[in-house]
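I have placed the structure first, in the form of structure tokens, so that the comments after it can refer back to it.
The values are calculated or read from the model by the stated rules, or taken from the named source; none is laboratory data. All values derive from a computational prediction rather than experimental measurement. Note that we place each Cβ from the backbone using ideal geometry, even for glycine, and neighbour counts take in every protein chain shown. Remember, those area values only see protein heavy atoms, side chains included, never the ligands or the DNA or RNA. Shrake-Rupley method; radii C 1.70, N 1.55, O 1.52, S 1.80 Å.
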Amino acid sequence: MENKTEKMNPTRQLVYAAVFIALSFVGANIKIMGSIAFDSLPAFISVLVLGAPWGFAIGFLAHILTAATSGFPLSLPVHLINGVMMGVTMVAFYWSTKALLDHRVNSIAAYVVGCIVAVIFNVPIALLATSPLMTFKVAMALVPVLIPAAFANVIIACVIYRFLPKGMQRLTPPGK
């Protein structure tokens, strides 16, 4: 299956974006620990359905929603940086997966690499970005929870994307 490059109707984009933001709010309330939740799962799906710019915006909002429902436990500046990093994670996931699919790499392998790239951006790179505002001990204490949570969010998103209707799929889904 070829990657779809045609543009989606702007009204449909807005409706999908609103649905993904609402689902991110639901996921923000399914807490794993503190401000770690299933907020990014809909954001990962959104980047596959709507593309990188929407994925960035929804990823940012998803993290801010979770932080807000948790009372910004690490401070507003840390969560703003983490929100930007979540947006960057969405873009890195999209482009790494898309590049491999465009080079006709097996779709499952492309998504596995995309998931690994997403977790690298979501955990160590995001922690490095916030390290000037947090202590090293706080950052290291978050790693054992962040890594499995990040993998869970992105892997479940890929599985759900696989079963979405073809009209919603922008990239070749895993396993096709």
Condition check for LEU80: in a helix (DSSP H, G or I) and of a type in the set (A, V, I, L, M): yes
Considering residues of segment 129-162 that are over 18 Å from the mean Cα position of the chain (by Cα), open to solvent by 70 Å² or more (accessible area, probe 1.4 Å) and not hydroxyl-bearing (Ser, Thr, Tyr) only, the residue nearest to ILE36 (Cα to Cα): PRO144
Meets criteria (closer than 18 Å to ILE156 by Cβ and either surrounded by fewer than 20 Cβ atoms within 10 Å (Cβ to Cβ) or among the hydrophobic types (A, V, I, L, M, F, W, C) (or both)) for VAL26: yes
Residue match in segment 8-15 (condition: within 20 Å of SER96 (Cα to Cα) and assigned to a helix (DSSP H, G or I)): no
Filtered residues of segment 79-95 (kept if open to solvent by less than 40 Å² (accessible area, probe 1.4 Å) and over 13 Å from the mean Cα position of the chain (by Cα)): HIS79
Enumeration of residues in segment 29-71 that are of a type in the set (S, T, N, Q), crowded, with 17+ Cβ neighbours inside 10 Å and over 20 Å from ILE155 (Cα atoms): SER70
Residues being small (Gly, Ala, Ser) and without any contact (Cβ under 8 Å) to a residue 12 or more places away in the chain - total across segment 69-86: 1
Where a residue in segment 139-167 is farther than 17 Å from LYS31 by Cα and its partner, wherever it lies, is open to solvent by 70 Å² or more (accessible area, probe 1.4 Å) and in a helix (DSSP H, G or I), with Cβ under 6 Å and at least six apart: none
Condition broken by LEU74, with the remaining ones in (1) open to solvent by 30 Å² or more (accessible area, probe 1.4 Å); (2) more than 21 Å from PRO10 (Cα to Cα); (3) in a helix (DSSP H, G or I) satisfied: (3)
Close pairs from segment 87-107: first closer than 17 Å to ILE120 by Cα and at pLDDT 95 or above, partner of a type in the set (S, T, N, Q) and not in a loop (DSSP other than H, G, I, E, B), Cβ under 7 Å, at least 6 apart: THR89/ASN122
